[in-house]
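The values are calculated or read from the model by the stated rules, or taken from the named source; none is laboratory data. Being a predicted model, the structure only gives us computed values, none of them experimental. Virtual Cβ from ideal backbone geometry, glycine too; neighbours counted across all protein chains shown. We work out accessible area using only protein heavy atoms, side chains counted, and drop any ligands, DNA or RNA first. Shrake-Rupley method; radii C 1.70, N 1.55, O 1.52, S 1.80 Å.
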Amino acid sequence: MAGEYPVENVILATDSYKVTHHLQYPPGTTTVYSYFESRGGKFPYTVFFGLQYILKRWLVGPVITESKIQEAKEICQIHFKQNIFNEEGWRHILKEHGGHLPLRIKAVPEGSVIPTHNVLFTVENTDPLVPWLTNWFETLLVQTWYPITVATNSRYQKELLAKYLLDTADTLNTLQMKLHDFGFRGCSSVETAAIGGGAHLVNFKSTDTIAGLLFARKYYGCNMAGFSIPATEHSTMTTWGRSRENEACHSMLNHFPSGTIAVVLDILGKQFGTTKNRKGYKLLPPYLRLIQGDGISYKSLGPILQKLKENQWSTDNVTFGSGGALLQRLDRDTLKCAFKCSFAIVNGEKLNVFKKPITDSGKHSKKGRLSLEKQGNTYVTVEEGNGNPMKDILVTVFENGKLIREYTFDEIRRNAELDILKNNRRT
């Protein structure tokens, strides 16, 4: 039907091989506890964002029904050509829990800026009869890699822009509008654009990706997370013809007589003159600014800003637009995101579970129950259940089908804000 996702049954929102795992755990297993982390990668920290969307979209409420069990049973029978679907386990969840998932998920507050190699959230079953349920949802939960990576990539560009504004501009007032999201058309789907566009808006308020605005509104309670301006494109300018370029510009100004507009031209036309700000850098007249929207990425942004500075131009003169590099030129390995089991209870015995492949030390996993604690100016993951519950910043956000802690977009933006802006607010 129109408007539906290809997968609407949460039982089927997993990898095929997980359908067989209820038969693989040791007899007597009653608890499986797993965690999610960034194991390093392109950036030394992550901006945690997007788990609330997955919880609301997929896991909150009575999500298991008889019709979903029957659909999953039928598809798995055909898919595997044998009867290995855990009908009894899913029917237990339907009967004993009213279709609510007996899971507990603890996570760092959304928007938190956390160094890599630290736990970001944990998952465990709350019913000893369904220990296999914890890792059934690894597939869905690991997809937080995408909003986390976009938000992190976006924030690093915000750091660059803030640095050069501090060097060459009188204020940071324009920072939140300095990186515009042009990525909607380059995304693989509307859902991808919504998630990625929403993640960028954690750091900026400038976007043309309307799907991201709707994402922030629906899942994070933000009435309007970002803004845009009237803008031309080549089709609206070139259809006037080369000889009528002035008429095209007059038409834009007549239709949009106040506020900001953006116009695509081959040349600036005239020299408008410059002034110098208090730091001695050149500024175009306040009614005239430039936008660079081609080839902008974290890699290219720094050299452009440096070149402007070397030529005595203030960063205030330029706004940047990014599309594919902002929302698409990344994958799960950009931040090496992974979900691993670290603790189990089997026949009453508590077991610290971990992997230690000899071929890749970067894939060594953590042991036991985990907590994340602030130590000095950084965060440390405490393993093997040795953490102090009073210092643990992991918060229960989901338990037994209910959303326990909901974050607003304003809270998330405050958590993710650059330290220099947080300090400015305090003063």
- Query: Wholly within region 86-183, which strands (runs of 3 or more DSSP E) include no fewer than the required count, namely at least 3 residues that are farther than 30 Å from THR29 by Cβ?
  - Reply: 113-115, 179-181
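One line per residue, one yes/no per condition, for (1) assigned to a helix (DSSP H, G or I); (2) polar (S, T, N, Q); (3) modelled with pLDDT under 95; (4) over 23 Å from ILE54 (Cα atoms):
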| position | (1), (2), (3), (4) |
| --- | --- |
| GLU191 | yes, no, no, no |
| ARG217 | yes, no, no, no |
| THR236 | yes, yes, yes, yes |
| HIS250 | yes, no, yes, yes |
| GLY259 | no, no, yes, yes |
- Message: Given (1) free of Cβ contacts under 8 Å to residues at least 12 places away in the same chain; (2) within 30 Å of LYS367 (Cα to Cα), identify the lone condition not met by SER342.
- Response: (1)
- Message: I'd like to know if region 64-76 contains one or more residues that are under 28 Å from the mean Cα position of the chain (by Cα) and crowded, with 18+ Cβ neighbours inside 10 Å.
- Response: yes
- Task: Take the residues in region 1-59 that are open to solvent by 60 Å² or more (accessible area, probe 1.4 Å) and farther than 27 Å from GLY212 by Cβ, then tell me which one is nearest to the chain's Cα centre (by Cα).
- Result: ASP15
- Exactly one of ILE267, ILE195, ILE210 is open to solvent by 30 Å² or more (accessible area, probe 1.4 Å), under 22 Å from PHE320 (Cβ atoms), at pLDDT 95 or above and not charged (D, E, K, R), and that residue is ILE210
- Which residues, taken from region 377-427, are modelled with pLDDT of 95 or more, charged (D, E, K, R) and assigned to a helix (DSSP H, G or I)? ASP410, GLU411, ARG413, ARG414
